[in-house]
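> Below is a structure I'd like to ask you about.
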Amino acid sequence: MAENELQIKVVEKNGNTYHNLDLRDMGDGDSIIVEKLYEGGIKMPDRYEGQESYAIKAEYNGEKVSFFLNDIERNGFVVSSAYTDFKECGGIGSKVRISTKKEIYKDKKGTDRVKTTFSFEEVE
């Protein structure tokens, strides 16, 4: 499993400065380590039916950053519990390794799509 560096994206919005990580930029099999600053995240407005998104605050390479994780349910089945899994991994101050697995699949129209799955492991 490769430890990699993610670029922190600085965003100015409504007079505030945000330091964001886009976990989707991680490659297949890559991982990063973050320190949890809070037990959970801030629930964001729902964009899609069956998907709950949360803004997570953590420390990454000495900087306070934010990133998003989702819990997704379709037809009564949980298809992603990334937020819940992260929330349950360690507590405030814990260092958590976030790892990715990417799979290519075809959608209903036959177009190649990439599904990214995250896993979480407390390392300290």
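> Taking only DSSP H segments of four or more residues, each worth -39500 (n - 2.57), what value at 222 nm results for the chain once the sum is divided by all its residues, to the nearest 500 deg cm²/dmol?
-1000 deg cm²/dmol
> Assuming 0.36 nm per residue, please report the length gained on full extension of the stretch residue 92 to residue 8 beyond their Cα-Cα distance.
28.1 nm
> Something else now. Out of the total accessible area of the chain (probe 1.4 Å, heavy atoms of protein only), what percent is carbon and sulfur?
Carbon plus sulfur share of accessible area: 47 percent.
> With a 1.4 Å probe and all protein chains kept in place, how much accessible area does residue 38 have, in Å² rounded to the nearest 10?
For residue 38, the solvent-accessible surface is approximately 130 Å².
> Beyond 25 Å between alpha-carbons counts as too far, so tell me which of 43/64; 64/106; 57/101 fall in that bin.
Table pairs above 25 Å Cα-Cα are 64/106.
> Test of the criteria: in the range 1-73, which trypsin sites (Lys or Arg not before Pro) are in a DSSP loop and have at most 16 other Cβ atoms within 10 angstrom of their Cβ?
47
> Next question. Accessible area per residue for the range 31-124 in Å², computed with a 1.4 Å probe and the full protein assembly in place, what is it?
Averaged over the residues of the range 31-124, the accessible area is 65 Å².
> Which GluC sites (Glu not before Pro) does the range 1-75 hold that lie in a coil by DSSP with at most 13 other beta carbons within 10 Å?
5, 39, 49
The values are calculated or read from the model by the stated rules, or taken from the named source; none is laboratory data. Note that the structure is predicted; figures quoted are calculated from it, not measured. For neighbour counting, all protein chains shown are included, and Cβ atoms are generated from backbone atoms with ideal geometry for every residue, glycine included. Side chains are part of the model used for accessible areas, which takes the heavy atoms of the whole protein and leaves out ligands, DNA and RNA. Shrake-Rupley method; radii C 1.70, N 1.55, O 1.52, S 1.80 Å.
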